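In what follows, a structure is listed as structure tokens, so that the remarks can point back to it.
The values are calculated or read from the model by the stated rules, or taken from the named source; none is laboratory data. Being a predicted model, the structure only gives us computed values, none of them experimental. Neighbour counts run over all protein chains shown; Cβ positions are idealised from the backbone, glycine included.
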Amino acid sequence: MRVFAALVPPVAAREDLADFLAPRWEAGRADGLRWTDPEQWHVTLAFAADVDDWRLEEAEERLAAAAARSEPLVGAVAGGGAFPDPVGAKVVWAGLVLDGGGAAVLGRLAVGARTALATAGAEVDGARFRPHLTLARRNRPGRVDDWLRLLDGYRGPVGAYEHLTLVASHLGEGPRGRPRHEVLAELPLGGSPPGAVGQPATP
């Protein structure tokens, strides 16, 4: 199973960003961008492309422990960037700005999530952690300067991030051949209240 551990922005944050971008969807498509589904926007902390089903229970337990050692975060979606760079971009993303020492807390949580999956026997992607929400992809690299200038002026509503979410990604099972996301568990950060388990990825 293809799984990832993530922070999912509050509904209000996703809706605000979607409202900001919606008038520009068509212009983006004409510019070669393939927009991701706002209901699937998330910040990936750890990713494993192929996890045996029988390892999932242990993975969830270890992720729950990592989440409990963390603390809830407060912040807003703001700004953006491109991978690998604005000139030859293949991905356009939005950033996450966290209050106080939230950036350091998030970095430790990402390490904990990767360690949890790896200790449970999953082969975890080792790319450097750069917190972001993927907004669009390009089939061919191209310049996205105008889109980054647009995102530079965006700051969404401040909200609480209280759970680490374990998600299964089913390739090709969503609309128009996109992945279908299935929430396997919502694991509270520190003293956050428990979340629902086994619900669709869109609240």
Of (1) of a type in the set (A, V, I, L, M); (2) within 12 Å of residue 120 (Cα to Cα); (3) modelled with pLDDT of 95 or more, residue 51 fails just (3)
For region 151-187, name all the residues that are basic (Lys, Arg) and in a strand (DSSP E or B). 155, 180
In region 36-54, how many residues are surrounded by fewer than 17 Cβ atoms within 10 Å (Cβ to Cβ) and not acidic (Asp, Glu)? 2
Report, by residue number, each residue of region 86-132 that is within 21 Å of residue 148 (Cβ to Cβ), surrounded by fewer than 16 Cβ atoms within 10 Å (Cβ to Cβ) and of a type in the set (Lys, Arg). 128, 130
Index of the failed condition, residue 144 passing every other in (1) surrounded by 14 or more Cβ atoms within 10 Å (Cβ to Cβ); (2) more than 23 Å from residue 9 (Cβ to Cβ): (2)
Which pairs have Cβ atoms under 7 Å, sit 6 or more apart or on different chains, and link a residue in region 148-172 that is surrounded by fewer than 22 Cβ atoms within 10 Å (Cβ to Cβ) and modelled with pLDDT of 95 or more to one that is of a type in the set (D, E, K, R) and in a helix (DSSP H, G or I)? 157/16
Of the residues that sit in region 3-30 and are over 26 Å from residue 98 (Cα atoms) and of a type outside the set (Gly, Ala, Ser), which one is surrounded by the most Cβ atoms within 10 Å (Cβ to Cβ)? 24
Enumerate the strands (runs of 3 or more DSSP E) found wholly within region 48-150, keeping only those where 3 or more residues are under 16 Å from the mean Cα position of the chain (by Cα) and farther than 30 Å from residue 30 by Cα. 73-83
Six or more apart or on different chains, Cβ under 6 Å: which pairs go from a residue in region 113-127 that's farther than 13 Å from residue 3 by Cβ to one that's at pLDDT 95 or above? Could you list them? 119/62
